[in-house]
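Peer 1: Before we start, here is the structure in question, set down as structure tokens.
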Amino acid sequence: MELRLVRGVDAWWAITTRRYARLPENAVQNGRMTQEFHSRLDEMDFFATKARAFGLTVLTTTRCNLGCAYCFQNTGPAPESTFRPPRIRADSLDSQGVDDILEFTRRRMRELGRESVVLTLFGGEPLLRPDACLRLLRGLAPLGLRGAEMVSNLVLLTPSLARKLEAAGLQTIQVSFDGAQDEHDTVRVERSGRPTFDRIIANIRAAAEVTGIRWRFRVNVSATNIDTLPDLVDQLAALPLPQRATIRFGLVGDFSVGFTGALRHTGGVTDRLLTLVDRAIDAGLDVMLLGTPLADCPYCGEFGGSAGAVVNSDGTLYSCWETAGRPEWQVGTIADGYLSPELMADRWSRCDNTVEAHGETSAAQELYDLVDARILDRSRARRLAAADGLSPSAT
Ligand code: SF4
């Protein structure tokens with residue numbers, strides 16, 4: 001199991017994909033965990049990998065109602081003066097397509113000895129096919145649906161649909177922001193060019209009034225929007241939600257194609273990110289780590305789909321969300337299964353977001369470590385304060 005060690009305040013943090021632990025300063029020597037502390041963590045099952053659920057991501061459609069210029073599903077820039085970048089081949093799931101995916105999932109779970117499944121509804125925009133989302137959720141329930149999340153731009157969510165999705169098993173929705181309102185509305189626009197910020201916020205509020213769905217806010221951080229993010233963090237933290245929301249800062253340049261504001265990993269950027277982390281935690285949000293090891297990714301982490309599957313709406317299989325829908329990366333079909341290992345070898349792309357995977361500099365590594373240490377230190381301080389009844393948010 002991949003282990004990351006990050007220096008915190010008067011301590012070290014040991015981070016794996018699923019767990020983290022705070023260790024005394026003498027637990028790490030010359031950048032490595034000592035054998036003594038490794039054994040102690042091992043005794044506490046820190047490194048244990050439980051039998052996992054089958055990870056299933058389904059693109060209910062490759063179409064999208066938005067025209068984000070940086071979308072990794074674009075195949076080129078939008079023609080001048082339009083918001084319609086050309087995209088990967090358009091396809092959408094119908095009822096038979098859903099049933100075929102359910103049958104494939106049943107078969108794979110049986111072959112792999114998995115007794116539960118975790119679903120991610122993906123697109124394009126999954127809510128362009130709400131019927132397919134509901135049919136998938138309902139169809140997976142008898143297979144042991146243990147978790148279900150949707151990655152949506154949220155423009156199409158209505159309260160009644162949110163209710164139906166929750167009743168069918170949806171637990172979490174992830175929605176992205178590209179800055180505070182003005183900045184977001186220059187980037188995340190409908191294909192007609194209409195802005196989306198107000199609609200997204202209104203739709204979150206309306207869904208939160210009628211469901212207990214958890215919210216995860218993905219905030220893309222670029223050189224052009226970073227100064228607008230404190231206002232966005234405040235606005236998101238002030239939303240009346242049924243439970244504490246999670247925020248994830250995604251550094252542009254780590255994943256993007258077509259973004260023009262890639263961050264340079266300088267001291268100034270680090271300081272501003274640390275301030276954002278403090279602000280988000282103080283405002284009551286949970287902040288996700290920037291650099292969780294992804295060696296255990298349920299999709300690409302195990303070659304040949306032995307931990308999960310990414311299924312496009314036309315029934316083709318991929319190793320990663322980011323390659324889905326691109327024929328040159330296809331690794332099989334739900335009807336015929338995976339290609340031979342030889343054929344798949346060059347197509348098995350990994351979504352590894354670690355610093356090393358992007359060939360970045362030691363300055364970038366330092367930024368990841370400083371920010372993640374701050375997230376862990378500050379979150380711990382908030383938990384301790386809440387336990388002592390010192391926090392105003394301790395309820
Ligand atoms: S909302 Fe998502 S899928 Fe749609 S264009 Fe934007 S980034 Fe791409």
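Peer 1: Every residue in region 93-128 that is of a type outside the set (V, I, T) and either outside the structural domain of I173 (by TED's automatic domain parsing) or within 16 Å of the ligand (Cβ to nearest atom) (or both), please.
Peer 2: The first filter runs over region 93-128 and keeps only residues of a type outside the set (V, I, T), leaving 93-97, 99-100, 102-104, 106-116, 119, 121-128.
Listed by number, the residues that qualify are L93, L121, F122, G123, G124, E125, P126, L127, L128.
Peer 1: Pick from region 1-52 the residues that are within 30 Å of L143 (Cβ to Cβ) and among the charged types (D, E, K, R): which of them is surrounded by the fewest Cβ atoms within 10 Å (Cβ to Cβ)?
Peer 2: K50
Peer 1: Let me ask another. Give me a count of the residues in region 44-60 that are touching a Gly at 6+ places or on another chain (Cβ under 8 Å), more than 10 Å from the ligand (Cβ to nearest atom) and part of a strand (DSSP E or B).
Peer 2: Looking only at that region, the number is 4.
Peer 1: Quick check on G76: is it surrounded by fewer than 11 Cβ atoms within 10 Å (Cβ to Cβ) and within 14 Å of the ligand (Cβ to nearest atom)?
Peer 2: Details: surrounded by fewer than 11 Cβ atoms within 10 Å (Cβ to Cβ): yes; within 14 Å of the ligand (Cβ to nearest atom): yes.
Judged against the criteria, G76 is a match.
Peer 1: Further, regarding this structure: Does A168 qualify as being within 19 Å of G123 (Cβ to Cβ) and at pLDDT 95 or above? Give the derivation first.
Peer 2: Details: within 19 Å of G123 (Cβ to Cβ): yes; at pLDDT 95 or above: yes.
Criteria met by A168.
Peer 1: Shifting gears a bit: Return yes when V58 is hydrophobic (A, V, I, L, M, F, W, C), surrounded by 11 or more Cβ atoms within 10 Å (Cβ to Cβ), touching a helix residue (DSSP H, G or I) at 6+ places or on another chain (Cβ under 9 Å) and not assigned by TED's automatic domain parsing to the domain that holds A148 and no when it is not. Outline the logic, then answer.
Peer 2: On the way: hydrophobic (A, V, I, L, M, F, W, C): yes; surrounded by 11 or more Cβ atoms within 10 Å (Cβ to Cβ): yes; touching a helix residue (DSSP H, G or I) at 6+ places or on another chain (Cβ under 9 Å): yes; not assigned by TED's automatic domain parsing to the domain that holds A148: no.
Answer is no for this residue.
Peer 1: For C64, which of the numbered conditions (1) surrounded by 20 or more Cβ atoms within 10 Å (Cβ to Cβ); (2) modelled with pLDDT under 95; (3) farther than 22 Å from A307 by Cβ fails to hold?
Peer 2: Every condition holds for C64 apart from (2).
Peer 1: Another question about this same structure. Could you tell me whether region 96-106 includes any residue that is out of contact with any Asp or Glu (no Cβ under 8 Å at 6 or more places or on another chain), surrounded by 24 or more Cβ atoms within 10 Å (Cβ to Cβ) and hydroxyl-bearing (S, T, Y)?
Peer 2: Looking for residues that are out of contact with any Asp or Glu (no Cβ under 8 Å at 6 or more places or on another chain), surrounded by 24 or more Cβ atoms within 10 Å (Cβ to Cβ) and hydroxyl-bearing (S, T, Y), one finds at least one in region 96-106, hence yes.
Peer 1: Any idea which of (1) assigned to a helix (DSSP H, G or I); (2) touching a Cys at 6+ places or on another chain (Cβ under 7 Å); (3) not β-branched (V, I, T) is the one M109 doesn't satisfy?
Peer 2: Only one criterion is unmet by M109, namely (2).
Peer 1: Can you pull out the residues in region 129-179 that are within 16 Å of the ligand (Cβ to nearest atom), outside any loop (DSSP other than H, G, I, E, B), within 27 Å of V233 (Cβ to Cβ) and not polar (S, T, N, Q)?
Peer 2: Scanning region 129-179 gives E149, M150, V151, I173, V175, F177.
The values are calculated or read from the model by the stated rules, or taken from the named source; none is laboratory data. Keep in mind that this is a model prediction, so the values were computed, not measured. For neighbour counting, all protein chains shown are included, and Cβ atoms are generated from backbone atoms with ideal geometry for every residue, glycine included.
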